[in-house]
Amino acid sequence: MSVSHEVRRIGDLSRSQLENLVAAATAAPSMHNTQPWRFRITGSFIEIQIDPQRALPAEDPQGWTQRLACGAALFNLRMALMSAGFAPKVNMGLAGQSGAAVAQVALGDKHICPPWAQELADAITKRHTVREPFVEALVPADVQAKLQNAAHEEGADLRLFDDSASLTEIGRLIHAAHFWHVSDDASAQELRAWTGKSADDREGVPSVAAGPDARPSELLDFRDFSRGEGRSMPLSKGYESRPLIGILSVPSTRNVDDVYAGQAMQRVLLAATAHGLVASFLSEIVEVPETAARLAERFLSGHHPVPRMVLRMGYGTAAGHAKRRDVSSVIIDERVAP
Ligand SMILES: Cc1cc2nc3c(=O)[nH]c(=O)nc-3n(C[C@H](O)[C@H](O)[C@H](O)COP(=O)(O)O)c2cc1C
């Protein structure tokens, strides 16, 4: 997006420039593709708000996944603004309060976009959740270090595992969390309401992005995004035996740390995309308090003891992906016409 020299504040942007920025933000991932955000536009900032209509009360009664998704949208918005030649100023002061606002983002000073930010901005539209089996290939150590650095830059930690003992233990915890969800009627109903959508639907997860049914012998359990209509796995194929599993964690359960976690998650995902990796989410283990506590006890320590996402990363391709609502339905434009 190119912006003329006269643009100094959000109020100076044209409607189409604004829509491009919001489109970049809404390319962020969200649980079940609920897209739980709104963007209030004033003359001086874009305020990212949680949309209370898009909550998941059974699976996420605390609303932390909404804050995470809005944090991911915030990170995309920051990168889109940097790519447009600004050094955005972010006010996170509202994130800790009970209202809907998560952050206010002002244009900031004019700034030449550094290569690292351009690389991440370029990855925004290329990133999609890939639930297909990955190829059997390990992620090199230098790429793993870049993913960890991406999390650290946003105030989070990323512990990575591809050894079979850790994968087996994490797999067992995911299995316990998955069993909890499928046995809970309200959670199962909520999942069905948002999944098994057609490829053209602009919210929820389409069956085409669901991934094949995992065999009972697989290492990991996956949510069924196809409403029970899933493709069966070809006999010749199975899920990869050694995915790279990343546990993203933050210092506390404060609301503002969920927003930081979302930014860090998105930075990791975009860095992964830039390095040719794909990812899917294994968030059930974090959603169920008992398995989250066990995960923290076994795998986390120090200053970042609260797990906020578990990612499966590797090399593969998407069979299809989830669309987004039209940006006009998420923009609340309060700018005064000139
Ligand atoms: C907090 C959170 C939890 C998620 N949980 C899962 C999950 O348990 N399983 C899964 O396959 N995808 C999960 N996702 C991925 C979303 O389903 C995905 O982001 C959404 O459908 C949009 O698709 P996209 O990522 O391809 O843009 C999660 C995403 C977020 C942000």
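The values are calculated or read from the model by the stated rules, or taken from the named source; none is laboratory data. All values derive from a computational prediction rather than experimental measurement. Cβ coordinates were reconstructed from backbone atoms using ideal geometry, including for glycine residues, and neighbour counts include every protein chain displayed. Just so you know, the surface numbers come from the protein's heavy atoms only, side chains and all, with ligands and any DNA or RNA stripped out. Shrake-Rupley method; radii C 1.70, N 1.55, O 1.52, S 1.80 Å.
Does at least one position in the stretch 304-319 carry a residue that is more than 27 Å from GLU153 (Cβ to Cβ) and within 16 Å of the ligand (Cβ to nearest atom)?
Within the stretch 304-319, one or more residues are more than 27 Å from GLU153 (Cβ to Cβ) and within 16 Å of the ligand (Cβ to nearest atom).
Please report, ordered by residue number, the strands (runs of 3 or more DSSP E) entirely within the stretch 185-286 with at least 1 residues that are open to solvent by less than 30 Å² (accessible area, probe 1.4 Å) and aliphatic (A, V, I, L, M).
It comes to 244-250, 278-281.
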